[in-house]
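Read the structure below first, then the notes.
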Amino acid sequence: MQVRSRVHKNTLFISLDGELDEYTAEYTRVNLDKAMTVAQSAQIIIDLANLRFMDSTGIGVLIGRYKKMKDKNIPIYIANPSTQAERIFKMTGLYSIMPRRDGGVTYA
């Protein structure tokens, strides 16, 4: 799992690359928290274009970050979900708390 972040125009863009499951959850959680704490942004967009797999542990990681940012009134949006992630977000109703946002950011 690779977690990359970049701030552009008061938006924190985070890209997840790899698999978000029980084996990578702690690493992902720590790195998401670090990026979200360091960047003082009005909103967060999590780009899932390169996320190849996510299980229920991964869903828990994202919900935990949502709860932390909700307390700070910072919305989280999801961009470029894979077919599998899209299905999970629709089935679980996650889009009601982390809406889908088209587009992402290029990481150089």
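Answer yes or no: is there a residue in segment 73-87 that is free of Cβ contacts under 8 Å to residues at least 24 places away in the same chain, farther than 12 Å from L20 by Cβ and among the β-branched types (V, I, T).
Looking for residues that are free of Cβ contacts under 8 Å to residues at least 24 places away in the same chain, farther than 12 Å from L20 by Cβ and among the β-branched types (V, I, T), one finds at least one in segment 73-87, hence yes.
So is G58 surrounded by fewer than 16 Cβ atoms within 10 Å (Cβ to Cβ), in contact (Cβ under 8 Å) with a residue 24 or more places away in the chain and within 13 Å of the chain's Cα centre (by Cα) or not?
Judged against the criteria, G58 is not a match.
Look at S41 and say whether it is more than 14 Å from the chain's Cα centre (by Cα), without any contact (Cβ under 8 Å) to a residue 60 or more places away in the chain and open to solvent by less than 40 Å² (accessible area, probe 1.4 Å). If you could, list the steps in order and put the result at the bottom.
Values: more than 14 Å from the chain's Cα centre (by Cα): yes; without any contact (Cβ under 8 Å) to a residue 60 or more places away in the chain: yes; open to solvent by less than 40 Å² (accessible area, probe 1.4 Å): yes.
So S41 fits the description; yes.
Considering each of R65, R52 in turn, give the residue that is basic (K, R) and open to solvent by less than 20 Å² (accessible area, probe 1.4 Å). Quick ask: steps written out before the conclusion?
Working: R52 fails: open to solvent by less than 20 Å² (accessible area, probe 1.4 Å).
Result of the check over R65, R52: R65.
How many residues are among the hydrophobic types (A, V, I, L, M, F, W, C) and open to solvent by less than 10 Å² (accessible area, probe 1.4 Å) if we restrict to segment 1-35?
Step one: list which residues in segment 1-35 are among the hydrophobic types (A, V, I, L, M, F, W, C), which gives 1, 3, 7, 12-14, 16, 20, 25, 30, 32, 35.
Checking which are open to solvent by less than 10 Å² (accessible area, probe 1.4 Å) leaves us with 12, 14, 16, 20, 25, 32.
Number of matching residues: 6.
The values are calculated or read from the model by the stated rules, or taken from the named source; none is laboratory data. Note that this is a predicted model, so its numbers are computed, not measured. Methodologically, a virtual Cβ is constructed for each residue, glycine included, from the backbone with ideal geometry; neighbour enumeration extends over all protein chains shown. Areas reflect the complete protein model, heavy atoms only, side chains present, ligands, DNA and RNA absent. Shrake-Rupley method; radii C 1.70, N 1.55, O 1.52, S 1.80 Å.
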